[in-house]
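Chemist: First, the structure itself, so that you have it in front of you.
The values are calculated or read from the model by the stated rules, or taken from the named source; none is laboratory data. Predicted model only: the values in this text are computed from it and were never measured. As a convention, Cβ positions derive from the backbone with ideal geometry for all residues, glycine included, and neighbour counts pool all protein chains shown.
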């Protein structure tokens, strides 16, 4: 019953957000799709396309909820290269993969409350958080519970994503249980935490995706509050970006002129009734000015079924991971052809 | 208070007065050391928390690691857990050699591995409540304790309790002592897949009650363990097991054939009593050293279990080892809690408790330590250090 009400709230909130979006005249950005971008070997399957990221060579990493949660690497053409960390102790319920400036591969797992950094050769080199030990007890049902206690520096509660600044500091959005963003130095030493559950300025309701810009500002997809919360590098609240639906996944492009993409993903159940009012992805200036949008909810090529992760190392070539169609799509934007 | 004092000393030593620095160092000398990331597993082998590390007479290194994924399957009204802990062997250079006991019934939640004088390999498992002896060829030679049949009962009508996700792990009562069905009432930790608790059932409950008419924390006599933690031997081959992190706080002594001799300890803080004995070692005379973690002390017992001494000036002893040779040393790790990076230093002591020096501190870099759970003293100046939160073994060389 409780879950049913939660689902209803999500649906209503999504609908309201859809109607409340800024500027009815947002221009559509034309785009092409690359069909069947990822090519897996026989008997290897993608599950939910939960995490996706590219490295400096254009290789694509997917952190997928398949039979087991697994981390795969593909080359820039989508050919399978290898699996990283098979049977890794931190892998249980994928939530994000990101690649830092040195091509280290980081995973965030909400089933073990862990973040692991893999060197480019696949060795784990930094481990944060800790898988609950078996003596903490077995819940018989998965209960969605907010952590009422102040978050501990090195313990996450269903963390969601990670981002890095130029100094190598990293930021973890944490998450479904905690409602905070935590900052660590490059050696994994805790520096700061901000945020609590709520909808006030700087508060968070399911911080679900996180990115930084070149200045080190931090952008948090505050999914449950239908907004992106922006913080400076010391995690002081700067502003809120609204009118873009429920941001499930965000990414920021590199280069001198950076852009912010945010997906208003269709609800988790992928109820087809919501496809008409969600699923689009917004392109923005870093200050939140909307430049355009593209896509809609759906199961077909070029439609998006609950986008969960986006990579935009190339401004006009996005890699998009979806939950419910078990795929990773490559999208080629053609902004010059905008109507 | 102690930490505050240390911080103050550190501050003075670093910033203010060279004279004070000299005094601080005179109190507990720092030992210079080198460290290497020892294990070199192949790419398809994922090492997790290194709960146990031990070397044999030929320099081979064994680790007992919590890795892979815990599988919980549902049977007739019960859950069954299939654990992912693995016993792995490496050569002197850290190159992977082979796996021992793959898929073995007892290997579920690693706690310790030790190698005896005959190069038999012993593992201690918290979740299966078992101690298993492998001969040098890797065959199972002797087993102690019994794995609980199930991981707990499943109740379809369990109330959905809220919150509690961040409840202190240290304060969690031992699930092994809970009656069957208690798993259903355990506050959830905020979702995700959480491994099962160990079995409840009559044996665990009896242990919780202190057995029948025995002192609290002594459990039932014999090898009925509740989250056992470590194993050690004297020169005659008698076996000591520390038991453990559950409701027992005792030491079990058996002869070399596994026949019960005695238990001693019991829950408490008086001399001779124990609170979560975490690690044990025996010296050449047969005296037993116990890392009495919950009481923040090392206790020394003679070979018959009579209390001899306690050392309460080395933080929270979480892992200990005694070096070989004619002049033996005792090493003890004041390990950090996984939730912080406090403490973490390792002490070198004379067997009488006199501190020779210390090295290291908590952290994630090389030469720092992340919740050390096991120490192997290959020699007085060569140690293998197994870390929980850094998933690695560091080979430490102490400089003279």
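Chemist: How many residues are over 16 Å from the mean Cα position of the chain (by Cα), buried (at least 21 other Cβ atoms within 10 Å of the Cβ) and assigned to a strand (DSSP E or B) if we restrict to segment A:70-102?
Modeler: So the answer is 4.
Let's see how each residue does on (1) on the phi > 0 side of the Ramachandran plot; (2) surrounded by 24 or more Cβ atoms within 10 Å (Cβ to Cβ); (3) more than 18 Å from the chain's Cα centre (by Cα):
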site: A:210; (1), (2), (3): no, yes, no
site: A:222; (1), (2), (3): no, yes, no
site: A:231; (1), (2), (3): no, no, no
site: A:247; (1), (2), (3): no, yes, no
site: A:257; (1), (2), (3): no, no, yes
site: A:261; (1), (2), (3): no, yes, no
site: A:265; (1), (2), (3): no, yes, no
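Chemist: Same structure again: Just to verify a result, which residue in segment A:125-140, among those that are at the interface with another protein chain (Cβ under 7 Å from one of its Cβ atoms) and outside any loop (DSSP other than H, G, I, E, B), is modelled with the lowest pLDDT?
Modeler: Among residues in segment A:125-140 that are at the interface with another protein chain (Cβ under 7 Å from one of its Cβ atoms) and outside any loop (DSSP other than H, G, I, E, B), the one modelled with the lowest pLDDT is A:136.
Chemist: Out of A:241, A:172, report the one residue that is away from chain B (no Cβ under 14 Å), under 30 Å from residue B:109 (Cα atoms) and crowded, with 20+ Cβ neighbours inside 10 Å.
Modeler: Testing whether each residue is away from chain B (no Cβ under 14 Å), under 30 Å from residue B:109 (Cα atoms) and crowded, with 20+ Cβ neighbours inside 10 Å leaves just A:172.
Chemist: May I ask you to verify whether residue A:63 is buried (at least 22 other Cβ atoms within 10 Å of the Cβ), over 21 Å from the mean Cα position of the chain (by Cα) and either within 12 Å of another protein chain (Cβ to nearest Cβ) or not in a loop (DSSP other than H, G, I, E, B) (or both)?
Modeler: no
Chemist: Further question on the same structure: Determine if segment A:144-151 includes at least one residue that is away from chain B (no Cβ under 12 Å), assigned to a loop (DSSP other than H, G, I, E, B) and either within 19 Å of the chain's Cα centre (by Cα) or surrounded by 20 or more Cβ atoms within 10 Å (Cβ to Cβ) (or both).
Modeler: Checking segment A:144-151: not a single residue is away from chain B (no Cβ under 12 Å), assigned to a loop (DSSP other than H, G, I, E, B) and either within 19 Å of the chain's Cα centre (by Cα) or surrounded by 20 or more Cβ atoms within 10 Å (Cβ to Cβ) (or both).
Chemist: Quick check on this structure: which one of B:127, B:105 is assigned to a loop (DSSP other than H, G, I, E, B), in contact (Cβ under 8 Å) with a residue 40 or more places away in the chain and in contact with a helix residue (DSSP H, G or I) (Cβ under 9 Å, 6 or more places away or on another chain)?
Modeler: B:127
Chemist: Can you confirm whether segment B:340-359 contains a residue that is free of Cβ contacts under 8 Å to residues at least 12 places away in the same chain and over 30 Å from residue A:127 (Cα atoms)?
Modeler: The answer is yes, given that some residue of segment B:340-359 is free of Cβ contacts under 8 Å to residues at least 12 places away in the same chain and over 30 Å from residue A:127 (Cα atoms).
Chemist: Suppose we filter B:381, B:340 for residues that are surrounded by fewer than 22 Cβ atoms within 10 Å (Cβ to Cβ) and within 12 Å of chain A (Cβ to nearest Cβ); which single one remains? Step through it out loud before you land on a result.
Modeler: Working: B:381 fails: within 12 Å of chain A (Cβ to nearest Cβ).
Step by step, each of B:381, B:340 is checked, and only B:340 is surrounded by fewer than 22 Cβ atoms within 10 Å (Cβ to Cβ) and within 12 Å of chain A (Cβ to nearest Cβ).
Chemist: Looking at (1) in contact (Cβ under 8 Å) with a residue 12 or more places away in the chain; (2) out of contact with any helix residue (DSSP H, G or I) (no Cβ under 9 Å at 6 or more places or on another chain); (3) farther than 30 Å from residue A:185 by Cα, which one does residue A:300 not meet, given that it meets all the others?
Modeler: If we test residue A:300 against (1) in contact (Cβ under 8 Å) with a residue 12 or more places away in the chain; (2) out of contact with any helix residue (DSSP H, G or I) (no Cβ under 9 Å at 6 or more places or on another chain); (3) farther than 30 Å from residue A:185 by Cα, just (1) comes out false.
Chemist: Take the residues in segment A:188-201 that are outside any strand (DSSP E or B) and surrounded by fewer than 18 Cβ atoms within 10 Å (Cβ to Cβ); name whichever of them is farthest from the other protein chains (Cβ to nearest Cβ).
Modeler: A:201
Chemist: May I pose another question? Take residue B:357 and decide whether it is part of a loop (DSSP other than H, G, I, E, B), within 19 Å of residue B:27 (Cβ to Cβ), away from chain A (no Cβ under 14 Å) and over 18 Å from the mean Cα position of the chain (by Cα).
Modeler: The answer is no for residue B:357.
Chemist: Ok, one more. Output the residues belonging to segment A:285-306 that are modelled with pLDDT of 95 or more and not in a loop (DSSP other than H, G, I, E, B).
Modeler: Selection gives A:285, A:290, A:291, A:292, A:293, A:294.
Chemist: Where in segment B:1-72 are there strands (runs of 3 or more DSSP E), lying fully within it, with 1 or more residues that are buried (at least 21 other Cβ atoms within 10 Å of the Cβ) and at pLDDT 90 or above?
Modeler: Fully inside segment B:1-72 and qualifying: B:49-55, B:61-66.
Chemist: Shifting gears a bit: Could you figure out which of (1) without any contact (Cβ under 8 Å) to a residue 12 or more places away in the chain; (2) buried (at least 18 other Cβ atoms within 10 Å of the Cβ) isn't true of residue B:326?
Modeler: If we test residue B:326 against (1) without any contact (Cβ under 8 Å) to a residue 12 or more places away in the chain; (2) buried (at least 18 other Cβ atoms within 10 Å of the Cβ), just (2) comes out false.
Chemist: Identify all residues within segment B:108-121 that are at pLDDT 95 or above and either assigned to a loop (DSSP other than H, G, I, E, B) or surrounded by 24 or more Cβ atoms within 10 Å (Cβ to Cβ) (or both); write none if there are none.
Modeler: B:110, B:111, B:112, B:113, B:114, B:116, B:117, B:118, B:119, B:120, B:121
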